[in-house]
1. Given the conditions (1) of a type outside the set (Lys, Arg); (2) buried (at least 16 other Cβ atoms within 10 Å of the Cβ); (3) within 30 Å of Lys109 (Cα to Cα), report the number of the one that Gly35 does not fulfil.
2. Please find, among Glu13, Glu80, the residue that is touching a helix residue (DSSP H, G or I) at 6+ places or on another chain (Cβ under 6 Å), of a type outside the set (S, T, N, Q) and part of a loop (DSSP other than H, G, I, E, B).
3. Considering only region 66-76, state which residues are touching a residue at least 40 places away in the same chain (Cβ under 8 Å) and either within 11 Å of the chain's Cα centre (by Cα) or not in a helix (DSSP H, G or I) (or both).
4. Consider Gly97 carefully, then state whether it is surrounded by 15 or more Cβ atoms within 10 Å (Cβ to Cβ) and in a helix (DSSP H, G or I).
5. Restricting attention to region 16-32, which residues are surrounded by 14 or more Cβ atoms within 10 Å (Cβ to Cβ) and either modelled with pLDDT of 95 or more or not in a helix (DSSP H, G or I) (or both)?
6. Of the residues Phe32, Phe111, Phe96, Phe23, which is more than 15 Å from the chain's Cα centre (by Cα) and without any contact (Cβ under 8 Å) to a residue 12 or more places away in the chain?
7. Report whether or not Ser49 is of a type in the set (Gly, Ala, Ser), assigned to a helix (DSSP H, G or I) and within 27 Å of Phe116 (Cα to Cα).
Amino acid sequence: MSLLQILTLTTVEIIGDFGFKEFANKGGIIPFSIGTLGYIGVVFSLIMSLQNSSILMVNAAWDGISGIMESIAAYFILGERLESKWQYLGILFISFGLYLLKIPIKKEKPFVFPKFF
């Protein structure tokens, strides 16, 4: 797992989430397709991140980075707001937790797609 892989995983998840939110509220084949393609990207990015890494580390990094990036995107792109200043403090604590994880900048071994059989 590397920081770039987790950022990619989070970015495609955000694309999927935004597409499915649009579909859930307004319908349409294009938002549904965007959401579906986003989550297909999540599957491939997750496989890449999990290779030679632990589920504990990948999940903690993904949850934290996803929480921060999706919150920033929802705040600036969708105009959503939290209800309390304490919730913003929670996001700050998530950032500190990510620092403590010491996510590697680059992966030690290159990705090799696993065989099916």
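1. (3)
2. After applying the criteria, what remains is Glu80.
3. Scanning region 66-76 gives Ser66, Met69, Glu70.
4. In short, no.
5. Answer for region 16-32, where residues must be surrounded by 14 or more Cβ atoms within 10 Å (Cβ to Cβ) and either modelled with pLDDT of 95 or more or not in a helix (DSSP H, G or I) (or both): Gly16, Gly19, Phe20, Glu22, Phe23, Pro31, Phe32.
6. When all the criteria are applied, what remains is Phe96.
7. yes
Rundown of residues vs (1) within 21 Å of Val42 (Cβ to Cβ); (2) of a type outside the set (Asp, Glu); (3) out of contact with any Ser or Thr (no Cβ under 8 Å at 6 or more places or on another chain), yes/no style:
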position	(1), (2), (3)
Trp62	yes, yes, no
Phe93	no, yes, yes
Pro104	yes, yes, no
Phe113	yes, yes, yes
Phe116	yes, yes, yes
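The values are calculated or read from the model by the stated rules, or taken from the named source; none is laboratory data. Remember, predicted model here, so these are calculated numbers, not experimental data. Please note: Cβ atoms are built from the backbone with ideal geometry, for glycine as well, and neighbour counts cover all protein chains shown.
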